[in-house]
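Accompanying notes for the structure given below.
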Amino acid sequence: MSMTTYLQMVSDAELESLEADPGSINQLDQPVDQTFTTQMQQTLCYFLCGDGYATPDDHGPIAAALNGYDSIDAPSLENGAFDVVRAEQTAEIADALEAIDLDEIAEAVDEADLESLVDEEELYDIEPLLYDDVDLARVVVKDTIGLRDFYRRATEEGRGVVMYTT
């Protein structure tokens, strides 16, 4: 079963509540227009940053889009923590995502040796797609657009973002 990364917009008050009670992340259930999900977190990081395990320290705001700037321990989550982008940080991420050339991303995906990405880069989220007739470039571009639009909405609404993979 594929891992899914969940991103949800939060107000400052909701984030304060989550920081005070990290286990409450399990009850956070924002409306659809305040969420983004992907089963391609590592692959998106790879094609957007050049590293499937990109961190904001090394790859800036695009890496933060899927990995946050801060992490809060939450033992109730499968991976033990959730990541955070504060409201004042979303504009930088949205701007960086807007600057991405989607045609270049699609071309990079089309030219990639997918099997070596699984073996050498450990991009296990694409492994199930190796045996299906899936246009991976289309999936990566679609998720990039969805992520970009999500961060633009978060910026416009003055909301932060919390995320985790399970």
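Relative to the current alpha-carbon distance between Ala99 and Tyr53, full extension at 0.36 nm per residue lengthens the span by 14.5 nm.
Give the residue list of GluC sites (Glu not before Pro) in segment 29-116 that are DSSP loop and have at most 16 other beta-carbon atoms within 10 angstrom.
Loop-located and lightly packed - Glu78.
Tell me the label-point distance for the pair Thr37, Asp119, using the 7 Å Cα-to-Cβ offset, in nm and rounded to one decimal. In this crude label model, Thr37 to Asp119 measures out at 3.3 nm. Estimated from helical segments only, the mean residue ellipticity of the chain at 222 nm is -14500 deg cm²/dmol, where each DSSP H run of four or more residues counts as -39500 (n - 2.57). For Asp73 and Ser24, the difference between the fully extended length at 0.36 nm per residue and the C-alpha to C-alpha distance is 16.5 nm.
Helices assigned as whole DSSP H runs in the chain whose Cα atoms extend at least 20 Å along their own long axis and whose mean Kyte-Doolittle hydropathy is -1.0 or higher are found at 136-157. Counting Cα-Cα pairs of the chain in 5 Å increments starting at 0 gives whole-percent bin shares of 2, 9, 18, 22, 20, 15, 8, 4, 1, 0.
Read-outs throughout are calculated quantities, based only on the coordinates presented, and are distinct from any laboratory measurement. This one's a predicted model, so the numbers in the text were calculated from it and none came from an experiment. In this analysis, Cβ positions are derived from the backbone assuming ideal geometry, glycine residues included, and neighbour counts consider all displayed protein chains.
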